[in-house]
Structure formats: C-alpha cells, structure tokens
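Visitor: Below you will find the structure I want to go over with you.
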Amino acid sequence: MKRSLLPLFLLLGLGAALAQGAGGLWTRTCAVCHGEKAQGDRSYPGLQGVAPFFATPEGRRYLVLVVLYGKKGEAGLMPGFAQLKDEELAALLNHLKALLQAKGDPFTPEEIRQGRGLNLTPDAVKRPGKP
Ligand code: HEC
C-alpha cells in the first residue's frame, strides 16, 4: 500500500509544480510567515479563510491589494510586495488558490496591474465582508 502510493504522490507533486511554477517563489516570499501550505506559522495567520474571496470581484480586489500593499490588523503586519512583477504576484495568488483548493478564475497579470498606483499603506487595506 505504502509503496504503491509513493509514485502517485510524486506524480501529483510534479503535476502541481508544472501547473503552478510558483512553488519556489511561494517558499521564498510567503511561506516564511504563512507556511508552506498556507496553514500559518508561529504567530502568523493561516490563510484558509480567504478561499471564498477568489470567487467574488470584491474578494479578488482585496487579494490583489493585500499582496501589493500589505495588511495591518489584529494578526500583525504584512509588508506589501509591489516590488514583484505582475506575473509573479498573479502566480503567487494562483499558488495560494491551488493550496486552498479555492474556486474562481486564475489571476492574470492584468488583474494585478489594475491594483497598482494607489500607494496604500497596510492599514488602509480592509478585508471585505464574508461573501
Ligand atoms: C512578514 C510576514 C508575512 C509575509 C512574508 C506575508 N504575509 Fe500575508 N499576512 C501577514 C499577516 C501578519 C497578516 C494579517 C494582517 C492582519 O492582521 O490583518 C497577513 C494577511 C494576509 C492575507 C489576508 C488574510 C485574511 O484573512 O484576510 C493574505 C491573502 C496574505 N496575507 C497573503 C500573503 C501572500 C500571498 C504573501 C506572499 C506574497 C504573504 N501574505 C506574505 C504576514 C505576512
């Protein structure tokens, strides 16, 4: 049983890596705080709660603003990542989407670009109500 499952996991892992191509970027950029599987780490929050946001316009806007400008709230301070490319931020959000098995279209670089130029501070980024 154990022996027969291993190749399957390897295959699934490879498939995920090919589909996302963002695993390494996630590890370097987001996993430090949110964990390899977005489960949360030490004092930092897990991201399971944002899964429904991938499927609504306000939710998607929120996710774009969080990665561009960061967020400050009860759980602490997240810096913004506006220095990354639109393609990279879209890939990171799509990696998170896959981790959470969230419904919704994949993010495009264009969707990230539309959030730029607002110069928000982390405390100005507000979580929308539950969809
Ligand atoms: C330095 C630690 C740190 C890093 C690095 C970091 N975050 Fe965060 N993140 C936080 C904290 C702290 C919060 C919660 C802020 C609050 O209390 O509202 C947060 C909140 C979030 C939220 C909103 C959660 C919610 O429930 O509304 C999302 C989405 C998110 N982060 C995604 C990311 C992504 C994607 C990356 C990588 C680009 C990333 N974070 C990198 C610390 C971090």
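Visitor: What GluC sites (Glu not before Pro) does segment 21-82 have in DSSP loop regions with at most 10 other beta carbons within 10 Å?
Guide: Qualifying residues, ordered by number: GLU74.
Visitor: In nanometres, what is the gap between the two model label sites at GLN114 and VAL32, each 7 Å from Cα along Cα-to-Cβ?
Guide: In this crude label model, GLN114 to VAL32 measures out at 3.0 nm.
Here, each number is a calculation from the coordinates, and none is a lab measurement. Keep in mind it's a predicted model, so treat the numbers as computed, not measured. No Cβ is skipped: glycine too gets one built from the backbone with ideal geometry, and neighbour counts run over all protein chains shown.
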